[in-house]
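The values are calculated or read from the model by the stated rules, or taken from the named source; none is laboratory data. Quick caveat: nothing in here was measured; it's all calculated off a predicted structure. Note that we place each Cβ from the backbone using ideal geometry, even for glycine, and neighbour counts take in every protein chain shown.
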Amino acid sequence: MNDVRLSKRLSLWLRHDPGAGGLALDAQGWTEVDAVLAGFAQAGMACNWEDLLRLVEESDKQRFELSDDAARIRARQGHSVEVALDWPRADPPDLLWHGTVERFLPMILAEGLKPMRRHHVHLSGDLDTATRVGQRRGTAVILAVRAAALAKAGRDFFLTSNGVWLTEQVPPAFLEPWEPK
C-alpha cells in the first residue's frame, strides 16, 4: 500500500472525520491504534502495525504521534474537529514564516492569516519548511511573520512536538512578503 494514501487517509480520520474510519477521538485527539488498524482493514487498505509505525516515524512532516505506550495515536495539529491539544505556550522567535501561493496573497495582506477550517494558523520556524508548505499548491510565496511583536501585543503562541508554531490569527500589520536578498 502506498504510504501517501495511508497518510492522507489517517490525516482525514485523525484531523477531520474520525467517524469515516469508525474511530472515536478523546478530548486531546487520541484514539486506539487497534481501532485505526481495524479502520484500515474495513476500508480495504492493507496497513499493519509496522506500516503504521513507519508512517509515524518516517513522515517528513511528522503529522502523527504515538502515546508513550504506543497504544494510542493522534494527529499533532491541523484539526477541524474539536480537540483540546495540550501544546505548551512558548515565546516565539522574532520571525516565523508562512508559505502560501500568489493567488491568496492579496486576501492575506488585507485580512491577515486566519485558521480557516483549522483551529490555529500554522507557522514555520524556518524558510525551507515554509517554502515546502507553499509549494504544495504552486510556486511558493513566503511571508515573514513578526511573531515576537505579535506575542508582545498579546497573542499566544504554541509549539508542537514536531516544530510547528500555532497561533489563533496573524493580523496584516504583523506580515510582510519576504524577498531573498
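Things worth noting here:
- Number of positions in the range 11-33 that are of a type in the set (Gly, Ala, Ser) and free of Cβ contacts under 8 Å to residues at least 24 places away in the same chain: 5
- Unmet requirement for residue 114, which otherwise passes all of (1) among the basic types (Lys, Arg); (2) farther than 20 Å from residue 155 by Cβ; (3) in the same structural domain as residue 166 (by TED's automatic domain parsing): (2)
- Scope the range 156-181; condition in contact with a Ser or Thr (Cβ under 8 Å, 6 or more places away or on another chain), surrounded by 17 or more Cβ atoms within 10 Å (Cβ to Cβ) and assigned to a loop (DSSP other than H, G, I, E, B); matching residues: 157, 164
- Meeting the requirement of 3 or more residues that are under 23 Å from residue 5 (Cβ atoms), the strands (runs of 3 or more DSSP E) wholly within the range 23-129 are 64-66, 72-75.
- Candidate set: the range 35-60, residues that are small (Gly, Ala, Ser) and more than 22 Å from residue 132 (Cβ to Cβ); chosen: the one surrounded by the fewest Cβ atoms within 10 Å (Cβ to Cβ): 44
- Within the range 130-149, the set of residues being touching a Leu at 6+ places or on another chain (Cβ under 9 Å), over 20 Å from residue 61 (Cα atoms) and not in a strand (DSSP E or B) comprises 147, 148.
- Checked against (1) exposed (fewer than 14 other Cβ atoms within 10 Å of the Cβ); (2) under 24 Å from residue 151 (Cα atoms); (3) of a type in the set (D, E, K, R), residue 76 meets all criteria but (1).
- Filter pass, residue 63 being in contact with a helix residue (DSSP H, G or I) (Cβ under 9 Å, 6 or more places away or on another chain), touching a residue at least 24 places away in the same chain (Cβ under 8 Å), crowded, with 17+ Cβ neighbours inside 10 Å and assigned by TED's automatic domain parsing to the domain that holds residue 30: yes
- So residue 89, is it assigned by TED's automatic domain parsing to the domain that holds residue 158, of a type in the set (Lys, Arg) and either out of contact with any Cys (no Cβ under 9 Å at 6 or more places or on another chain) or without any contact (Cβ under 8 Å) to a residue 60 or more places away in the chain (or both): no
- Tally, over the range 144-164, of residues that are touching a His at 6+ places or on another chain (Cβ under 8 Å) and at pLDDT below 95: 2
- One residue stands out in the range 125-142 among those that are farther than 11 Å from residue 101 by Cβ and of a type in the set (A, V, I, L, M): the one that is surrounded by the fewest Cβ atoms within 10 Å (Cβ to Cβ), namely 127.
- Filter result (under 15 Å from the mean Cα position of the chain (by Cα) and crowded, with 18+ Cβ neighbours inside 10 Å) within the range 12-34: 13, 14, 15, 29
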